[in-house]
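Written out below as structure tokens is the structure these notes cover.
The values are calculated or read from the model by the stated rules, or taken from the named source; none is laboratory data. Please read these numbers as outputs of a predicted model, since none were measured by experiment. No Cβ is skipped: glycine too gets one built from the backbone with ideal geometry, and neighbour counts run over all protein chains shown. For the accessible areas, the whole protein counts, side chains as well, though only heavy atoms, and no ligand, DNA or RNA atoms are used. Shrake-Rupley method; radii C 1.70, N 1.55, O 1.52, S 1.80 Å.
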Amino acid sequence: GKRSLVIEPMPGGAIVRASGLPPTQGYWSAELVPENNGDPVDGVLTFRFVVYPPPRPAAVSTQVSREITAGYYLSTQRLAQISRINVQAQNTALSVRR
């Protein structure tokens, strides 16, 4: 499946953007939930990739139609404390160095 984790610089900070590929269509409301109140541990900030399943069974369809993305804004000050970002999803984990 297509999973990605990128840090997109922007004025005053950056957006952490994670994409996942649920097993079927209809998953919704993806969000990145920071662990440890958003405080990095030894320079590592960990997020949980949370997504809600469809209310009833849904078609598998194409990869592109299933892909779901969540973002989280980090300020420049916060980024200065972070050397690595981890995102943990249900079955996988992604990691990116700053």
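In this structure, does residue 73 turn out to be open to solvent by 70 Å² or more (accessible area, probe 1.4 Å) and touching a Phe, Trp or Tyr at 6+ places or on another chain (Cβ under 6 Å)?
Judged against the criteria, residue 73 is not a match.
Please find, within region 83-98, the residue that is least open to solvent (accessible area, probe 1.4 Å) out of those that are modelled with pLDDT under 90 and among the polar types (S, T, N, Q).
92
Of the conditions (1) part of a strand (DSSP E or B); (2) in contact (Cβ under 8 Å) with a residue 12 or more places away in the chain, residue 8 clears all except one; give me its number.
All conditions are met except number (2).
Of the conditions (1) part of a loop (DSSP other than H, G, I, E, B); (2) touching a Leu at 6+ places or on another chain (Cβ under 6 Å), residue 70 fails just one. Which one is it?
Of everything listed in (1) part of a loop (DSSP other than H, G, I, E, B); (2) touching a Leu at 6+ places or on another chain (Cβ under 6 Å), residue 70 misses just condition (1).
Consider residue 74 carefully, then state whether it is in contact with a helix residue (DSSP H, G or I) (Cβ under 8 Å, 6 or more places away or on another chain) and among the aliphatic types (A, V, I, L, M).
no
Considering only residues that are in contact (Cβ under 8 Å) with a residue 12 or more places away in the chain, among the polar types (S, T, N, Q) and open to solvent by 40 Å² or more (accessible area, probe 1.4 Å), look in region 17-56 and name the one that is nearest to residue 95 (Cα to Cα).
Among those that are in contact (Cβ under 8 Å) with a residue 12 or more places away in the chain, among the polar types (S, T, N, Q) and open to solvent by 40 Å² or more (accessible area, probe 1.4 Å), it is 29.
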